[in-house]
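Enquirer: This is the structure I want to talk about, given as structure tokens.
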Amino acid sequence: MSAPSLYWTLIRLDPIAGCKREVIPAAKTFCQTQFSQFVSEGTVPDKPIQRQLIQWSRGEESTDYPEFSTLAQLCLRCFVSRQIEQVCVQLEVKFGNNHGFNRYDLFTFVLTDLGVDKTPTLTQFTSLATDILQTFDPERASLTTWTNRLVKQHRELNRFLLEQGVYLISDWAILNDTTPNQLSRIYREFYHLTDREIQQARILLKSYHSIYRRDRISSNQTGQCALPTPAQLQQMADQVYRKTNIRLSPPDIMEQLQTLAQRLRDYRLSVRRGKLPSQSLDDPTVSLNLHQPSTIDETEQLFLTAYRQQFVSCLDQAIQQVIEEQRVQLNRKKSEKCQQFIVALRGFHCQGKSMADIASLVGLKAQYQVSRLLKLKQIRAAVRGQMLNCLLECIVDLAKACTDPEQIIALDHQIEQVLADDIDKMIQEAEIEAELKNKKAALKSLFAQRICQYIDRFDS
């Protein structure tokens with residue numbers, strides 16, 4: 001529920017006051033006429049009001065008045081301007097004092113609506129509010145949530161915050177996105193910790209992944225990562241105890257996870273200010289910082305687009321090579337094993353069948369025989385190796401088109417490590433998904449989807 005005035009008061013930049021609140025009479029009259037019952041009560045239900053305004057603004061619902069679209073969009077722009085302001089206020093409260101900025105510093109990046117009398121033409125820039133409304137889907141999120149997300153993902157705002165030492169990502173998202181191999185490298189090369197400390201941190205991170213990320217995948221959660229639940233923390237503590245014989249309470253686990261996340265956050269802040277990529281190259285919000293400043297947006301986007309395409313291409317090549325090698329080996333032993341292998345691959349990845357169902361389908365007596373036939377861990381490891389070789393052969397050529405070749409040569413080792421981290425993350429997701437497999441549905445990971453696409457060429 002919101003105050004009706006949020007839908008007719010536009011907040012925009014002001015060179016003197018920093019920001020200005022402007023009541024828009026046309027928007028106020030429109031709201032009072034179309035939603036008179038709610039307005040008279042002093043509060044309006046946001047979800048149905050926003051859904052109706054979106055339909056009118058996009059012409060999805062016919063009316064007798066052509067101005068409905070413009071007025072509805074104006075009301076939504078007013079509401080969005082308030083939400084943008086609130087995100088900036090929240091960032092100021094949370095980080096401003098310690099990092100030396102205020103809300104007005106942030107307004108210049110995101111509070112970019114020109115106002116009622118200064119609507120930009122098609123050849124001019126598009127305000128953030130317009131981008132928010134164009135991409136908003138009222139069936140998937142509230143307008144407040146969507147605005148919050150896009151403000152915090154805003155490229156220029158994030159660059160400014162990074163310069164002030166603020167990295168907008170939750171502890172749990174950082175942990176979720178860090179592989180054990182990445183952690184080892186960071187702790188060894190950046191923090192110079194001992195092997196024992198690194199091993200303990202790896203065990204903690206693996207326990208977090210096996211519980212938290214498993215639950216997130218199994219429940220199809222997307223978007224912001226929530227706090228681990230007490231039950232999840234207890235399960236992590238149990239896993240840590242089994243592997244280290246060290247008994248920790250759920251609060252102890254929470255504290256250690258937050259310490260781990262803070263170290264990773266500090267590392268990412270450091271490398272983002274330098275030349276090393278700090279996240280997956282496949283993340284379109286990540287800057288490689290290898291390009292000339294005047295062309296960074298264009299060259300970065302070109303590189304990332306080419307990289308994503310090459311990533312899938314190398315995955316396809318690796319899957320084909322590994323599966324074909326396995327088929328040749330099986331065919332040398334017994335020809336029927338080769339056909340059983342393809343049927344079992346399809347049943348597991350594409351049809352959601354259990355190992356018992358697959359055993360019956362291919363004429364084997366026990367589930368363990370299917371596991372021996374498929375050798376899923378070996379397949380994933382072999383695909384990983386083939387992918388890394390493939391990407392290393394092409395990625396330098398891609399990057400040379402975007403930056404100075406000497407910089408690429410200097411970063412050769414780091415690039416290889418980032419590629420390995422990207423592939424490891426994909427493989428880990430496939431492993432977790434395989435463990436949690438829904439017996440009634442095909443697997444959804446990229447790895448499984450590309451296997452299914454390849455084996456579609458074989459007759460079942």
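Enquirer: Name the single residue that is modelled with the lowest pLDDT among those in region 340-397 being open to solvent by 30 Å² or more (accessible area, probe 1.4 Å) and among the basic types (Lys, Arg).
Expert: In this case the residue turns out to be 365.
Enquirer: Can residue 72 be described as among the aliphatic types (A, V, I, L, M), open to solvent by 40 Å² or more (accessible area, probe 1.4 Å), outside any loop (DSSP other than H, G, I, E, B) and modelled with pLDDT of 85 or more? Steps first, answer last, please.
Expert: On the way: among the aliphatic types (A, V, I, L, M): yes; open to solvent by 40 Å² or more (accessible area, probe 1.4 Å): no; outside any loop (DSSP other than H, G, I, E, B): yes; modelled with pLDDT of 85 or more: yes.
Here the answer is no, as residue 72 does not meet what is asked.
Enquirer: Return the residue satisfying two criteria in turn: it lies in region 78-129 and is assigned to a helix (DSSP H, G or I) and small (Gly, Ala, Ser), and of such residues it is modelled with the highest pLDDT.
Expert: 81
Enquirer: May I pose another question? Would it be correct to say that residue 182 is of a type outside the set (Asp, Glu) and under 30 Å from residue 52 (Cβ atoms)?
Expert: Criteria not met by residue 182.
Enquirer: If you don't mind, there's one more thing I want to ask. For residues in region 1-12 being of a type outside the set (Ser, Thr, Tyr) and at pLDDT below 85, which is farthest from residue 111 (Cα to Cα)?
Expert: Across region 1-12, the extreme among qualifying residues is 1.
Enquirer: Moving on to the next point. May I ask you to verify whether residue 21 is under 36 Å from the mean Cα position of the chain (by Cα), in a helix (DSSP H, G or I), basic (Lys, Arg) and modelled with pLDDT of 85 or more?
Expert: So residue 21 does not fit the description; no.
Enquirer: Answer yes if at least one residue in region 162-178 is of a type outside the set (S, T, N, Q), over 30 Å from residue 208 (Cβ atoms) and open to solvent by less than 70 Å² (accessible area, probe 1.4 Å), and no otherwise.
Expert: Among the residues of region 162-178, not one is of a type outside the set (S, T, N, Q), over 30 Å from residue 208 (Cβ atoms) and open to solvent by less than 70 Å² (accessible area, probe 1.4 Å), which makes the answer no.
Enquirer: Let me ask something additional. Consider residue 267 carefully, then state whether it is hydroxyl-bearing (Ser, Thr, Tyr) and buried (at least 16 other Cβ atoms within 10 Å of the Cβ). Walk me through it before giving the result.
Expert: Working: hydroxyl-bearing (Ser, Thr, Tyr): yes; buried (at least 16 other Cβ atoms within 10 Å of the Cβ): yes.
Yes; evaluated as a whole, the condition is true for this residue.
Enquirer: I'd like to check something: does region 183-201 contain any residue that is basic (Lys, Arg), modelled with pLDDT under 85 and out of contact with any Phe, Trp or Tyr (no Cβ under 8 Å at 6 or more places or on another chain)?
Expert: no
Enquirer: Go through the residues of region 275-283 one by one and say whether even a single one is in contact with a Leu (Cβ under 7 Å, 6 or more places away or on another chain), open to solvent by 80 Å² or more (accessible area, probe 1.4 Å) and modelled with pLDDT under 85.
Expert: yes
Enquirer: Looking only at residues in region 409-432 that are open to solvent by 20 Å² or more (accessible area, probe 1.4 Å) and under 18 Å from residue 318 (Cβ atoms), which one is modelled with the lowest pLDDT?
Expert: Checked region 409-432; the qualifying residue modelled with the lowest pLDDT is 416.
Enquirer: Of the residues that sit in region 304-331 and are open to solvent by 40 Å² or more (accessible area, probe 1.4 Å) and in contact with a Phe, Trp or Tyr (Cβ under 8 Å, 6 or more places away or on another chain), which one is nearest to residue 373 (Cα to Cα)?
Expert: So the residue we want is 327.
Enquirer: Restricting the first residue to region 348-371 and requiring it to be under 21 Å from residue 449 (Cβ atoms), which pairs with a second residue that is surrounded by fewer than 18 Cβ atoms within 10 Å (Cβ to Cβ) and among the polar types (S, T, N, Q) meet a Cβ separation below 7 Å and a spacing of at least six or different chains?
Expert: Note: pairs meeting the criteria are 352/438; 355/367; 355/371.
Enquirer: What about residue 191, is it farther than 30 Å from residue 80 by Cβ and part of a loop (DSSP other than H, G, I, E, B)? Show your work before the answer.
Expert: Details: farther than 30 Å from residue 80 by Cβ: yes; part of a loop (DSSP other than H, G, I, E, B): yes.
Considered against the rule, which asks whether it is farther than 30 Å from residue 80 by Cβ and part of a loop (DSSP other than H, G, I, E, B), residue 191 comes out as yes.
The values are calculated or read from the model by the stated rules, or taken from the named source; none is laboratory data. Values in this document were obtained by computation on a predicted structure and should not be read as measured data. Neighbour counts are summed over all protein chains in view; Cβ atoms, including those assigned to glycine, are modelled from backbone coordinates with ideal geometry. For the accessible areas, the whole protein counts, side chains as well, though only heavy atoms, and no ligand, DNA or RNA atoms are used. Shrake-Rupley method; radii C 1.70, N 1.55, O 1.52, S 1.80 Å.
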